[in-house]
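Derivation of every value follows stated rules applied to the coordinates shown; laboratory data play no part. The model shown is predicted, which means the values in this text are computed figures rather than measured ones. So basically every Cβ, Gly included, is an ideal-geometry build from the backbone, and we count neighbours across all protein chains shown.
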Amino acid sequence: MIRFLKHSEIDPEKWNQAIRNSLSPNVLAEYELLDLLTEDDTWHAVVDDDYDVVMPLPTRQKGVLKYVYTPFFLPQMGMFHGQELPQDKYDLFLGEISKHYVLADLLMNEQNARNRKKEHTSYFASFTLSLHLPYNELYSQFHENTKRNIKRAQNQQSRVTVQEEKVADIIALFRNNRGQGEEVHFRDKDYKRLQRVSDYLLEHNLLEVYGVRTDDNKLAAGALFVKDGKRRWFWFSGRDNTLSKSKPMFLLLDTYIRDHAESDLCLDFNGSSNPNVARLYRSFGSTYITIPFMRLFRNRFWELVLSPGLSKI
């Protein structure tokens, strides 16, 4: 039976077990991390039977309108299930959401790509790289321009650090550079939330911190990788724009791939709607995958009412 559960009604142990046993497990969708990624008690869920299928619903409210959103720093959401999901079950989940919300913006996961409604569905480009091959074979699949940029960074006598940088410094690197762009909508509370989630991940040995420093010891780039079973999320990164010509991010990613080559891990670049960033991910020989993004309205009336003003919600 499919049912809607308020935050207080969710069983944390059963929830986490369902996420971990799903076809698309995601440590950031586990109970404790969803609590950190959202405001207090503002995510609810739809579950089927004894947590056979679960779907988190982070909730916001503007006036009397309750709607579902995808929190910053949560790569992929959607329905988590241990077996292939029939289309009718998928549709029933969406129908249950519409009973409780007038609007839902849902970044799904790769397993949900097979079950979808055509209307109001777009696709988010993501990239993954299997790290099972020796480094030399992985390197041979890099684009030629990427190889040149890696050598350029090496010639700058840059050095890569591992678990030496402070997360706060990498957040500041992003905030003071790319974070100044109009396309970035992070606010103070979002950066504070990122720090809190990072602290939790570090405490539980779930975060790898890489940095690139120049020969005069200036932090040129930094990145946070989330350890998630056999997947490694390229979760957050920052770069000093004044040092961009030295190509530090190419060196950082190359080093990470070298360090984890010949493992059973998969590097998930976490996708991007920015074509330049997507081009960077693809240039490391990664595989392109599509992640559905669904905008669900309760009915046609709310679609007509809300569509013109969605940017203000």
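Among 166-175, 75-84, 273-282, the peptide with the highest mean count of other Cβ atoms within 10 Å heads the list, and the full ranking is 75-84, 166-175, 273-282.
Between E183 and N136, the modelled labels are 3.8 nm apart [label points 7 Å from Cα along Cα→Cβ]. If you take the charge dipole of the chain about its Cα centre, with +1 on Lys and Arg Cβ and -1 on Asp and Glu Cβ, which of L206, G82, Y123 is farthest toward its positive end? About the Cα centre, the residue reaching furthest to the positive side is Y123.
Note on K245: lysines with a C-alpha under 26 Å away, same-chain residues under 8 apart excluded, are K147, K151, K166, K218. How high is the relative contact order of the chain, in percent, with contacts defined as C-alpha pairs under 8 Å that are six or more residues apart? About 24 percent, as a whole number.
Size of the dipole of the chain about the Cα centre, Lys and Arg at +1 and Asp and Glu at -1 on the beta carbon, nothing else charged, in debye to 20? Intermediate values should be presented prior to the final figure.
Working: 42 positive and 42 negative charges, 272 e Å.
With Lys and Arg at +1 and Asp and Glu at -1, about 1300 debye.
Straight-distance candidates among the aspartates and glutamates for linking to K66, with alpha-carbon spacing under 12 Å and chain neighbours fewer than 8 residues away dropped: D105.
Candidates A168, V197, V184 compared by Cα position along the dipole of the range 132-264: farthest toward the positive end lies V184, with charges placed on Cβ.
Note on the range 132-264: with charges restricted to the Cβ of Lys and Arg (+1) and Asp and Glu (-1), its dipole about the Cα centre is near 300 debye.
Using Cα centres only, tell me the gap between the range 231-299 and the range 55-92 in whole Å. Distance between centres, Cα-based: 24 Å. Among residues other than K99 with Cβ under 14 Å from its Cβ, the summed charge is +2 (Lys and Arg +1, Asp and Glu -1).
In percent, what relative contact order does the range 132-264 have, based on Cα pairs under 8 Å that are 6 or more apart in sequence? Provide the component values of the computation, followed by the final result.
On the way: 186 pairs, mean separation 47.4, N = 133.
That works out to 36 percent.
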